[in-house]
Protein chains: 2
Amino acid sequence: MRKRSSTKLMAISPELRNSKMERILNCAEKEFAARGYSATPLHKIASGARVNQALISYYFGSKEKLYQAVFLRRGLELTRERLRLLDELEKRTSGPPTVEDLIRSFLVPAISMMYEGSDRRDFLRLQARLQNEPKEITEKLRAIVYDEATRRYIDSFKKALPRVDPKAIVWRVVMMIGAYLYIVSDANRLRQLSNGLCDADEQEETIRQISTFLTSGFRYP
Amino acid sequence: MRKRSSTKLMAISPELRNSKMERILNCAEKEFAARGYSATPLHKIASGARVNQALISYYFGSKEKLYQAVFLRRGLELTRERLRLLDELEKRTSGPPTVEDLIRSFLVPAISMMYEGSDRRDFLRLQARLQNEPKEITEKLRAIVYDEATRRYIDSFKKALPRVDPKAIVWRVVMMIGAYLYIVSDANRLRQLSNGLCDADEQEETIRQISTFLTSGFRYP
């Protein structure tokens, strides 16, 4: 009996995606981001994307695989952009990347998704609720999408901060992720607690506020 | 026609709660934490708590009010403890609270919930998924439970850091919340990214790692 490879991940490269696939992915991204994996029925995605539900199964196989395809589409884009920026920093002739360089190159590809257009904002919301989704679906997916790049960042932070305990570097990278995800997933909190004085509606100011705080945190001996 | 006060919040004081109520609250906390508000049916809570579903309605009124009661029970306990510690710091004769004092007194009541017993861990998980729950239920609840205390902390940070831009203080408080919630809601991330070298299984080490990073971040001029 042939074993069905049900855990194989489905990353469809952009050139292979047709317009109906894109519509399904966009709509699934919006629904999963708003309601979470379990509470989103496939027929809701089908009607939002104006396709027959059978077509979703034909293209993607199952709800779980559709979720994976949604996550991989933007997640891999984010990871590639982080790695591209890190490569650039490391090839630079003016010296190794500083802590601030590393933080900005990690944050900018994600933060800019808040401002570019609403479909990428949906992905950030999807990302922010990842810890609350079924672990059997998300843990492997998160590892595939993020771990390699995040480990490279950890190594670069260690080089940039040779006197800081290497364990503390890992703690700080995890806190960096928590801090920025909280800001991007609910900018409303900032407005509320500042009585409207602060908000995250200006990209450069958002990056500056987050990166100065984190840079100073990382540098603690 | 009398208007039903459907948004009145239900905080049942501990001395008024009987053992069946406690069982319902514990079970609801566990289920809401694991699955989220929308995906948790009342009958699941009823069977977990070994009570009739009608009794839940009798005691709490509705699923929404049960969720509120669950959140208020531990949330108000957390807030009261933070305010008690802040009062103590402010009454101290040896000088006003430092940034590190403020951070530790904000973190300790929450972080200690990770270690005390599993029912409080459920609350932390519930808390960590709050941003992903229906806003019409959570925004008011979060404001009632946290805003007063968090604003008092913001004011104290401003006093402790008179040269830091007051707007940056609000940003930093929000990032502090994001950073610690991310750690407490998924300590696994830390283990995974450090290949098992770091974990959050020791309370004092967890508080030290978080508070040194944040203290240094807050102090950035």
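The values are calculated or read from the model by the stated rules, or taken from the named source; none is laboratory data. Keep in mind the model is a prediction, meaning the values are calculated, not measured. Neighbour counts run over all protein chains shown; Cβ positions are idealised from the backbone, glycine included. Protein only, heavy atoms only, side chains kept; ligands, DNA and RNA dropped before computing areas. Shrake-Rupley method; radii C 1.70, N 1.55, O 1.52, S 1.80 Å.
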Task: Scan of the range A:154-185 for residues that are under 15 Å from B:Leu190 (Cα atoms) and in contact with a helix residue (DSSP H, G or I) (Cβ under 6 Å, 6 or more places away or on another chain), ordered by number - done: A:Ile154, A:Pro166, A:Ile169, A:Val170, A:Trp171, A:Arg172, A:Val173, A:Val174, A:Met175, A:Met176, A:Gly178, A:Ala179
Open item on the list: Pairs needed: first member in the range A:174-185, facing chain B (nearest Cβ under 7 Å) and open to solvent by 20 Å² or more (accessible area, probe 1.4 Å); second member anywhere, among the polar types (S, T, N, Q) and in a helix (DSSP H, G or I); C-beta distance under 7 Å; at least 6 residues apart or different chains.
Closed with: A:Ser185/B:Gln131
Open item on the list: Considering only the range A:85-92, I want to know if a residue exists there that is more than 22 Å from A:Gln127 (Cα to Cα) and open to solvent by less than 40 Å² (accessible area, probe 1.4 Å).
Closed with: yes
Open item on the list: Can you tell me which residue is farthest from B:Thr79 (Cα to Cα) among those in the range B:193-210 that are within 7 Å of chain A (Cβ to nearest Cβ) and polar (S, T, N, Q)?
Closed with: B:Ser194
Open item on the list: Name the residue that is farthest from B:Arg121 (Cα to Cα), counting only residues in the range B:186-215 that are open to solvent by less than 20 Å² (accessible area, probe 1.4 Å) and not hydrophobic (A, V, I, L, M, F, W, C).
Closed with: B:Thr215
TODO: Considering only the range A:131-141, state which residues are touching a residue at least 24 places away in the same chain (Cβ under 8 Å) and buried (at least 21 other Cβ atoms within 10 Å of the Cβ).
DONE: A:Asn132, A:Glu133
- [ ] Please enumerate the residues belonging to the range A:79-96 that are modelled with pLDDT of 95 or more and not hydroxyl-bearing (Ser, Thr, Tyr).
- [x] A:Arg80, A:Glu81, A:Arg82, A:Leu83, A:Arg84, A:Leu85, A:Leu86, A:Asp87, A:Glu88, A:Leu89
Open item on the list: Is it the case, given these coordinates, that A:Arg219 is open to solvent by 10 Å² or more (accessible area, probe 1.4 Å) and at the interface with chain B (Cβ under 7 Å from one of its Cβ atoms)?
Closed with: yes
Open item on the list: Please determine whether any residue of the range B:126-146 is under 19 Å from B:Thr206 (Cβ atoms) and within 13 Å of another protein chain (Cβ to nearest Cβ).
Closed with: yes
Task: Selection count where residues are open to solvent by 50 Å² or more (accessible area, probe 1.4 Å) and under 20 Å from B:Pro134 (Cβ atoms), scope the range B:20-35 - done: 3
Task: Residues (closer than 26 Å to A:Arg125 by Cβ and more than 8 Å from chain B (Cβ to nearest Cβ)) located in the range A:153-173 - done: A:Tyr153
- [ ] Examine the range B:49-60 for a residue that is in a loop (DSSP other than H, G, I, E, B), without any contact (Cβ under 8 Å) to a residue 40 or more places away in the chain and open to solvent by less than 30 Å² (accessible area, probe 1.4 Å), and state whether such a residue exists.
- [x] yes
Open item on the list: Quick test of your reading of the structure: A:Asp122 fulfils all but one of (1) of a type outside the set (A, V, I, L, M, F, W, C); (2) more than 7 Å from every other protein chain (Cβ to nearest Cβ); (3) in contact (Cβ under 8 Å) with a residue 24 or more places away in the chain; (4) open to solvent by 20 Å² or more (accessible area, probe 1.4 Å). Name the failing condition by number.
Closed with: (4)
Open item on the list: Going residue by residue through the range B:186-202, is there one that turns out to be touching a residue at least 12 places away in the same chain (Cβ under 8 Å), of a type in the set (S, T, N, Q) and out of contact with any His (no Cβ under 9 Å at 6 or more places or on another chain)?
Closed with: no
Task: All positions within the range A:142-160 that are open to solvent by less than 20 Å² (accessible area, probe 1.4 Å) and over 23 Å from A:Glu64 (Cβ atoms) - done: A:Ala149, A:Thr150, A:Tyr153, A:Ile154, A:Ser156, A:Phe157
Task: Filter pass, B:Leu107 being more than 13 Å from chain A (Cβ to nearest Cβ), touching a Ser or Thr at 6+ places or on another chain (Cβ under 8 Å) and assigned to a helix (DSSP H, G or I) - done: no
Open item on the list: I need a count of the residues in the range B:190-207 that are more than 20 Å from the chain's Cα centre (by Cα) and within 22 Å of A:Ala128 (Cβ to Cβ).
Closed with: 4
